[in-house]
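As structure tokens, the structure follows; a few thoughts come after it.
The values are calculated or read from the model by the stated rules, or taken from the named source; none is laboratory data. All values derive from a computational prediction rather than experimental measurement. As a convention, Cβ positions derive from the backbone with ideal geometry for all residues, glycine included, and neighbour counts pool all protein chains shown.
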Amino acid sequence: MSDNPLITAQNLSVHYPLRGGLIGPKPYVGAVENVSIEVAPGSFFGLVGESGSGKTTLGRAMLRAAPISKGDVLFDDGEVAYSLKNLGKKELKDYRSRAQLIFQDPYAALSPRMTVRDIIAEPLEVMGLTKTRAETDERVREIAAKCRLNVEHLRRFPHAFSGGQRQRISIARALVSAPKFIVADESVAALDVSIQADVLNLLKAIQQDMGLTFLFISHDLSVVAHVCDHVAVMYLGRLVETAPTRALFSAPRHPYTQALLSAIPSLDPDDRGKAQKLEGEIPSPTNPPPGCKFQTRCPMAIDRCRVEEPLLETAGPEHNVACHRWKELAM
Amino acid sequence: MSRLIDVENLTLQFDTDEGRITAVDNVSFSLEAGEVMGLVGESGSGKSVTAKSLMKLNPRNAVYGPDTKITLHLDDGPIDVMSLQNDTEMKIVRGGAISLIFQEPMASFAPAISIGEQMVEQLMIHTNFSKAQAKEVSVEMLDRVGISDPSTRFGQYAFELSGGMRQRAMIAMALSTKPRLLIADEPTTALDVTIQAQVIDLMKDLVSEFGMGIIFITHDLGVIAQTADKVAVMYLGKLVEQGTVRDVIRRPAHPYTRGLLAALPTLDDIDAPLTPIPGDIPSPLERPSGCVYNTRCQEVLGPRCSAEAPRFSQVDTDHAAACHLHDPQGGGA
């Protein structure tokens, strides 16, 4: 994994302006604050956190679909190297074919008026990646087959398909431009468990087959544990912990990661109520607390946490944690 | 414990442009006061429709089967829910003896009426409280479900509350009329795990405090394991397995329940492969013949599965499954 990362966020911040503030500095919401991550080529990188943690915004910024206010995102697939902050129009168009997004809701993501063939072919036509209709059809059929859609399916409209099939159509559309990097934002959250497993297995198979790199955004830690090789945990726009999957799940260091893990309902009916419960809710990003952003809910918070924001420290190989107390708590 | 509700042979069909479709097919179960029943199944399995039928909350094109019998046992004697005709008669049941919590609390509150006003309104319909008393009870309930500064929240609107707070307010509203049965339809699905854990705790406290029965509809078997006393598993409108939560989760008897459990990613063994159930849930317009699960079943015994509908057979005390695996002699339903 010591290869050059495919995509790197460097001290990335995404700010959205707020209304008001005629006098003094313009107020803003820090949706993502000073986040640095490196995603190695071929990896399945998980991004977890509660709603409002900034995980979707970070994913979008890495697609240049959210404004980059500070820092930068660097993309290097061996053929091209881009700084997403300074991307020309032509380069941006090229980047769009190299980085793609799979949405959460397979019911909202597909136009009901287009056939499946047209839905999958649209990116090719918009980006001008194929020259003739025959070539487009060829590509569509090839990618559809990878997503287990047959020629008969291609003639139909989305309403004729179930949730799992629709999600396979969304995946085919994302893959048709032969991207290198895919952001999958809660891509299995809307699916039933029985179908979810199928789509996850498909994503894994495609990743290995096509050598893709995934940023897998999810609130479901059990899913992330099964498919991702590396995980980053976010809270209120900050990275609080990042580690290889095995290390994160066997030895979580940040109290927030620990709380997230213990909040997962156990399948053992006799293991009730032992979970370490987190009080309260994630604060509003318009008015973040001082010091560590997690201090308002952290059962371990001390005075220092309320004034000083912790920086990421090394807690193991590729394992970083932003907590003042992780060392003493790990003993 | 005393019996709270008996559901016998519940069958519900809908008349649609594409023909009459069966949403619930001959479902029977019962619930005691103070008991939590988990109702599990994929989307399209008919779990929400089943629960809503308990208060006849179905669209106009719904047709109940002739043998359907729903009996609610209240302090003043049993009520035959099917015989209730108009909205006035239904008032005893809807929002009175039975309350409903939906998945999406944002959609369940009227956006332009304050939370408090909505709570007071339903209390005035279902009780003899004066407006002042109703307000007092509402604020008390908001406090009870863990909402800080309840008198301020009382005057606020749904959009001013966070998702977790809205769901708490929804629970407060549903419980303020002191229902005997609470139907919770995916109440934690839209919430983050940390908030879900809080809401589950709250609901457990409330059951022991109010002694009501709960039907907890969810697709999440972990939530079931944490909350339910017994479990009913539905597939395509059919009840396929019923039993205590320990039996169903530890010794699932129906291949569908086994499939659901195998498909679930767990943290116990993160390297274990995920095993999906092959295929999709069929359209209710094309219900398979015989056992409705035979098109996806991994343990099909032979032609009997697609020819003959399995009947419920006892696998253990308080544990039954509708599968030919447990009824080798046959005889049919």
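With respect to the stated conditions, B:Thr50 is out of contact with any helix residue (DSSP H, G or I) (no Cβ under 8 Å at 6 or more places or on another chain) and not basic (Lys, Arg).
Please enumerate the residues belonging to the stretch B:50-69 that are among the charged types (D, E, K, R) and under 13 Å from the mean Cα position of the chain (by Cα). B:Lys52, the sole residue that qualifies. Of the strands (runs of 3 or more DSSP E) lying entirely inside the stretch A:238-331, those containing at least 2 residues that are within 14 Å of chain B (Cβ to nearest Cβ), in contact (Cβ under 8 Å) with a residue 12 or more places away in the chain and out of contact with any helix residue (DSSP H, G or I) (no Cβ under 6 Å at 6 or more places or on another chain) span A:238-244. In the list B:Pro303, B:Pro278, B:Pro273, B:Pro252, which residue meets the criterion of being at the interface with chain A (Cβ under 9 Å from one of its Cβ atoms), farther than 30 Å from B:Thr16 by Cα and not aliphatic (A, V, I, L, M)? When all the criteria are applied, what remains is B:Pro273. Scanning the stretch B:281-300 for residues that are more than 14 Å from chain A (Cβ to nearest Cβ) and of a type in the set (Gly, Ala, Ser) turns up B:Ser289, B:Gly290. Contact map, the stretch B:219-231: first residue more than 8 Å from chain A (Cβ to nearest Cβ) and of a type in the set (Lys, Arg), second residue assigned to a strand (DSSP E or B) and surrounded by 21 or more Cβ atoms within 10 Å (Cβ to Cβ), Cβ cut-off under 6 Å, separation 6 or more or different chains; pairs are B:Lys230/B:Met37. Only residues that are out of contact with any Lys or Arg (no Cβ under 8 Å at 6 or more places or on another chain), part of a helix (DSSP H, G or I) and more than 14 Å from chain B (Cβ to nearest Cβ) were counted across the stretch A:145-181, and they come to 7. Here the strands (runs of 3 or more DSSP E) wholly within the stretch A:3-101 that include at least 1 residues being among the basic types (Lys, Arg) are A:70-76.
For the stretch A:119-147, a residue qualifies if it is exposed (fewer than 15 other Cβ atoms within 10 Å of the Cβ) and farther than 22 Å from A:Arg98 by Cβ, and the qualifying residues are A:Thr132, A:Arg133, A:Ala134, A:Ala145.
Do we have any residue at all in the stretch A:268-280 that's in contact with a Cys (Cβ under 8 Å, 6 or more places away or on another chain) and crowded, with 19+ Cβ neighbours inside 10 Å?
No: the stretch A:268-280 contains no residue that is in contact with a Cys (Cβ under 8 Å, 6 or more places away or on another chain) and crowded, with 19+ Cβ neighbours inside 10 Å.
Filtering A:Val193, A:Val199, A:Val176, A:Val183 for residues that are buried (at least 19 other Cβ atoms within 10 Å of the Cβ), out of contact with any strand residue (DSSP E or B) (no Cβ under 7 Å at 6 or more places or on another chain) and over 15 Å from B:Pro265 (Cβ atoms) leaves a single hit, A:Val176.
Within the stretch B:254-275, the set of residues being buried (at least 20 other Cβ atoms within 10 Å of the Cβ) and of a type outside the set (A, V, I, L, M, F, W, C) comprises B:His254, B:Pro255, B:Tyr256, B:Thr257, B:Gly259, B:Pro265. The requirement of being outside any loop (DSSP other than H, G, I, E, B) and away from chain B (no Cβ under 13 Å) is satisfied by A:Ala184. B:Gln103 passes every criterion in (1) in a helix (DSSP H, G or I); (2) within 25 Å of the chain's Cα centre (by Cα); (3) polar (S, T, N, Q) apart from (1). For the stretch B:122-168, residues that are touching an Asp or Glu at 6+ places or on another chain (Cβ under 7 Å) and either under 19 Å from B:Ile183 (Cα atoms) or within 14 Å of chain A (Cβ to nearest Cβ) (or both) total 2.
Note on the stretch B:21-57: residues that are in a strand (DSSP E or B) and at pLDDT below 90 total 0.
Here is a check on your reading of the model: is B:Lys131 out of contact with any helix residue (DSSP H, G or I) (no Cβ under 8 Å at 6 or more places or on another chain) and either buried (at least 16 other Cβ atoms within 10 Å of the Cβ) or not aliphatic (A, V, I, L, M) (or both)? So B:Lys131 fails the test. Just one of the numbered conditions (1) surrounded by 15 or more Cβ atoms within 10 Å (Cβ to Cβ); (2) at positive phi; (3) not basic (Lys, Arg) is not true of B:Asp149: (1).
Annotation: A:Ala31 fulfils all but one of (1) among the small types (Gly, Ala, Ser); (2) over 13 Å from the mean Cα position of the chain (by Cα); (3) modelled with pLDDT of 95 or more; the unmet one is (3).
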